[in-house]
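The values are calculated or read from the model by the stated rules, or taken from the named source; none is laboratory data. Just so we're clear, the structure is a prediction, and the values are computed from it rather than from any experiment. All Cβ positions, glycine included, derive from the backbone under ideal geometry; neighbour counts span all protein chains shown. Just the protein is used for accessible areas: all its heavy atoms, side chains included, with ligands, DNA and RNA removed. Shrake-Rupley method; radii C 1.70, N 1.55, O 1.52, S 1.80 Å.
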Amino acid sequence: MNCGLLGQHLGHSYSPSIHAQLADYQYSIFEKEPEQLEDFLKNGGFHGINVTIPYKKSVIPFLDSLSPVAARLGAVNTIVRRSDGSLIGHNTDYFGVRSMVEQSGLTPNKKRVLVLGSGGASNTAVAVLEELGANVVVISRSGANNYTNLHLHKEAAIIVNTTPVGMYPNVGQTPLNLDSFPNLEGVLDIVYNPARTRLLLDAEQRGLVTMNGLWMLVAQAKESAEWFTASTIPDERIAGIYRSLSKQMENIILIGMPGCGKTTVGQSLASELGRSFVDADAAIEATAGMSIPDIFTQQGEQGFRQIETSVLAELGKQSGLVIATGGGCVTRPENYPLLHQNGTIIWLKRDISQLPTNGRPLSQRNDLNEMYQIRQPMYQQFSDLIVDNFADPSHTVQTILKLLEAES
């Protein structure tokens, strides 16, 4: 059975990985220009395909029929070729959004919910939320409800972002300031790369319920696979695939005092997991074209920290890496969202007496005990997990692996 994903410029997609865990069929990527759509749909030789931007509406004229949900929403993201050769279009994004809302634990019934954006994903979210009893308001760049009059909706309990704001590679952007919504309970974002957009990071900082779009992606794929195979797949499969994909995508980031073993542990951890390892200090030297001691000599600590933040911004955008950071990266609060947006941050602790100082300008110039007392609360604030690195590094690696497994 030949299935796949239809789009215009697809780049890297997680869909093949998801469908490989759902059923036993070939899943390919089909990049087509608009003028190729009709021929591909009539003569493509596929059994079933998913459809993504910008073709969710464009494919409809070439289909023979639509499922009720697809007809109601006016958008198709799943097409199946029936035994007689005819094509039927479905919309499994509806199931994906509903599953995401339910998994979040948020209850929209009789609450004001803001849906950011007015495109196809917005229409789907509105339909789901209205069915769940929400009082939905669509916020767009123009129209009666827009980003200049958000004060009219300060009683909103839930915000759902259906725009691409904050999506890779344009990370760090947010569509609005959450301070305007004192009654907010949670924020959902259909973006899943990075795992935590600036909007979700802001919500997380306020202790709100947050969820990205990865669950929706897996859930809609599960229903698509049911259409492809004409079989039922238990909803429980969604959680397992979601956890597997989350672990695959998320960076593992090591922080801690200079000389605490981040590079040694990081290299071993990357080897165990089959991931790429990046030493942030080495990346800084490559970017600056000089050694770290030379950067300190020529540009001072302030100059070094600026380069470091720039490097961490690029590394933090990526997925599936093991990253060893410099000991002082925690001294700049702006580095936290850069690292946390796509990563689990692990604080490696080692006794101060065991920390080497050779080749480390700040360690040589300062009393390590005093440095630790200053940085200790910063490490605490940055970290998701804390691991002692007092024994053999291999023991530390195994401890980290067990903790990560327990977290998933």
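Rounded, prolate or oblate for region 364-408? Axes are the square roots of the Cα gyration tensor eigenvalues, ordered a ≥ b ≥ c, and the cut-off for rounded is a/c under 1.5.
oblate
Return the Rg/Rh ratio of region 1-57 with Cα-based radii and a Kirkwood Rh.
We get a ratio of 0.95 for region 1-57.
Which value in deg cm²/dmol, rounded to the nearest 500, describes the helix-derived mean residue ellipticity at 222 nm for the chain, given -39,500 (n - 2.57) per DSSP H run of n ≥ 4 and division by the residue count?
So the helix-based figure for the chain works out to -13000 deg cm²/dmol.
Give me the one-decimal nm value for the distance between modelled label points at GLU370 and ALA144, 7 Å along each residue's Cα-to-Cβ direction.
Result: 6.4 nm between the two label points.
What aspartates and glutamates does LYS57 reach when the alpha-carbon gap must be under 14 Å and sequence neighbours fewer than 8 apart in one chain are set aside?
Excluding near neighbours in sequence, the set is GLU38, ASP93.
Sorted by mean Cβ packing within 10 Å, highest first, what order do the peptides 213-223, 193-203, 333-343, 290-300 take?
213-223, 193-203, 333-343, 290-300
I want to check the label-to-label distance for THR287 and THR264. Put each point 7 Å from Cα in the C-beta direction and report it in nm to one decimal.
The two pseudo-label positions are separated by 2.7 nm.
Please work out the FRET efficiency for the pair SER271 and GLU102, using the Cβ-Cβ distance as r and a Förster radius of 30 Å; give the result to the nearest 0.05.
0.15
Please state the shape class of region 186-279: rounded when a/c is under 1.5, otherwise prolate if a/b exceeds b/c and oblate if not, all from the C-alpha gyration tensor.
Cα axes put region 186-279 in the oblate bin.
Helix 93-104 versus the longest principal axis of the chain: what is the Cα-based angle in degrees, 0 to 90, to the nearest 10?
That works out to roughly 40 degrees.
How large a share of the accessible area of the chain, in percent, is made up of carbon and sulfur atoms when the probe is 1.4 Å and the other protein chains stay in place?
48 percent
Working from Cα positions, state the angle (0 to 90°, nearest 10) between the long axis of helix 368-382 and the longest principal axis of the chain.
Relative to the chain, helix 368-382 is tipped by roughly 10 degrees.
To the nearest µm²/s, what D does Stokes-Einstein give for region 54-117 at 4 °C and 1.567 mPa s, using the Kirkwood radius over alpha carbon pairs as Rh?
The estimated diffusion coefficient comes to 96 µm²/s.
Take the Cα atoms of region 258-408, build their convex hull, and give its volume per residue in Å³.
Convex hull of Cα atoms, per residue: 107 Å³.
Which shape class, rounded, prolate or oblate, goes with region 95-223 when its Cα gyration tensor gives a ≥ b ≥ c as root eigenvalues, a/c under 1.5 marks rounded, and past that a/b bigger than b/c marks prolate?
Verdict is rounded for region 95-223.
Taking Rh as the Kirkwood radius, which is the inverse of the mean 1/r over Cα pairs, what is the Rg/Rh value for the chain?
In the chain, Rg relative to Rh is 1.03.
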